[in-house]
Amino acid sequence: MTRWGILATGHIASRFAEDLRLVPDAELVAVGSRSVESARRFAETYGAERAYGSWVELAADPEVDAIYVATPHAAHHEAAMTCLTAGRAVLLEKPFTLDLATSTELVDTARAAGVFLMEAMWMRTNPTILRVVELIADGAIGTVSGVRADFGVAGPFPPEHRMRAAALGGGALLDLGVYPISLAHLLLGVPQHIRSWAQLGPEGTDENTGILFGYDSGALATLSCGILGSSNVSASITGSTGRIDLPEPFFRPGSLTLHRDGAEPETIDGEGAGNGYQYEAIEVQRCLAAGLTESPLVSHATTLEVMALLDAVREQIGVRYE
């Protein structure tokens, strides 16, 4: 049995708690928040035994094996460091931190302490996405030459909202753009060329962002994200002998459609249970049972490479955090 703690009590924390009920040998035992009242309400709702009014108290609980950190981006580094230094395995919401430097510090801390750490990039543990990787590896669409993915949501969001406020790591890129970028990285690796443009809002964070990755192989990744309107939130992977289409939302697709040249399209259904967060919890538990300190599906190197790409795009579009 893996005994879980959840740090923070917002929307994503709630969805994770719901899906944890679908995970074999998982138990939610404790919740931590900066407000003990909020922690108690969350604990009562999701059946946790203990509620703490501080992150330090949660991290110090000896009956907690792993902690899911679900704070806003700007608090990821502090919260994760609190848990790692207490010796707790950490599943840290994406994006890992606000920049590569602080992400590297977390990875170095986890490695030095021999403590498990994984970014909660749930897309990389999703069975349908893993099926896409298998199909490509098996040559189902030939050599990949292009990836297209978009993620746009409709506001409006007030200036203090986490989607806009610079103090909270706001903007479309870190919250939404991390998904298209992670998909391109998963399928094509690190690009040799990066071009990006964005419209910035009054808060200095990006409202509408376009990204082009170029690879020396000739492949391209055309990516976009925004908070000004709902996009299709779909993706398409083009190969030399076919194409794979992922419907909305592409990072948690209910199916995939395989187009092979000269053949009828084939739709492959995915798994439909829960919100999709259970797969990352299952991966954490699998790794802990195997004595691993990082996941091969969401490795430290993967997280740092994606973080470096986010940094590069932010530099080009002019978004800076304190």
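The values are calculated or read from the model by the stated rules, or taken from the named source; none is laboratory data. Predicted model, so just to flag it, every value in this text is computed and none were measured. Here the Cβ positions follow ideal geometry from the backbone for every residue, glycine too, while neighbour counts run over all protein chains shown. Surface areas here come from the heavy atoms of the whole protein model, side chains and all, with no ligands, DNA or RNA. Shrake-Rupley method; radii C 1.70, N 1.55, O 1.52, S 1.80 Å.
Regarding residue 104, is this residue of a type in the set (S, T, N, Q) and closer than 30 Å to residue 250 by Cα?
Yes; evaluated as a whole, the condition is true for this residue.
Look through the stretch 107-131, keep the residues that are part of a loop (DSSP other than H, G, I, E, B) and of a type outside the set (A, V, I, L, M, F, W, C), and return whichever of them is most open to solvent (accessible area, probe 1.4 Å).
Among those that are part of a loop (DSSP other than H, G, I, E, B) and of a type outside the set (A, V, I, L, M, F, W, C), it is 114.
Restricting attention to the stretch 145-185, report how many residues are closer than 14 Å to residue 123 by Cα, hydrophobic (A, V, I, L, M, F, W, C) and either out of contact with any strand residue (DSSP E or B) (no Cβ under 8 Å at 6 or more places or on another chain) or open to solvent by 10 Å² or more (accessible area, probe 1.4 Å) (or both).
Result for the stretch 145-185: 2.
Tally time: how many residues in the stretch 189-232 are hydrophobic (A, V, I, L, M, F, W, C), over 22 Å from residue 169 (Cα atoms) and within 21 Å of the chain's Cα centre (by Cα)?
4
Only one of (1) buried (at least 19 other Cβ atoms within 10 Å of the Cβ); (2) modelled with pLDDT under 95; (3) not acidic (Asp, Glu) is not met by residue 224, so which one is it?
Unmet condition: (2).
Got at least one residue in the stretch 117-127 being within 21 Å of residue 5 (Cβ to Cβ) and more than 11 Å from the chain's Cα centre (by Cα)?
Yes: one or more hits.
Looking at the stretch 264-277 only, could you name the residues that are modelled with pLDDT under 95 and loosely packed, with under 12 Cβ neighbours inside 10 Å?
Residues satisfying the conditions are 272, 273.
Could you say whether any residue in the stretch 8-20 is assigned to a strand (DSSP E or B) and either open to solvent by less than 80 Å² (accessible area, probe 1.4 Å) or closer than 20 Å to residue 288 by Cα (or both)?
No, the stretch 8-20 contains no residue that is assigned to a strand (DSSP E or B) and either open to solvent by less than 80 Å² (accessible area, probe 1.4 Å) or closer than 20 Å to residue 288 by Cα (or both).
For residues that are open to solvent by less than 10 Å² (accessible area, probe 1.4 Å) and either more than 21 Å from residue 8 (Cα to Cα) or out of contact with any strand residue (DSSP E or B) (no Cβ under 7 Å at 6 or more places or on another chain) (or both), tally how many sit in the stretch 79-106.
Total meeting the criteria: 3.
Starting from the stretch 294-321, keep only residues that are within 19 Å of residue 175 (Cβ to Cβ), then list their pairs with residues that are acidic (Asp, Glu) and part of a helix (DSSP H, G or I) whose Cβ atoms are within a distance under 9 Å, requiring at least 6 positions of separation or different chains.
That search, which allows pairs on different chains as well, returns 298/280; 298/283.
Going through the stretch 229-243 one residue at a time, which ones are part of a loop (DSSP other than H, G, I, E, B) and open to solvent by 20 Å² or more (accessible area, probe 1.4 Å)?
Across the stretch 229-243, the qualifying residues are 229, 230, 231, 232, 240, 241.
Show the residue pairs that are 6+ apart or on different chains and have beta-carbon atoms under 8 Å apart, the first residue being within the stretch 100-117 and over 20 Å from residue 291 (Cβ atoms) and of a type in the set (Val, Ile, Thr), the second being open to solvent by less than 70 Å² (accessible area, probe 1.4 Å) and part of a helix (DSSP H, G or I).
Every condition considered, the pairs that remain are 102/77; 104/304.
For residue 76, which of the numbered conditions (1) surrounded by 22 or more Cβ atoms within 10 Å (Cβ to Cβ); (2) in contact with a helix residue (DSSP H, G or I) (Cβ under 6 Å, 6 or more places away or on another chain) fails to hold?
It fails just one condition, (2).
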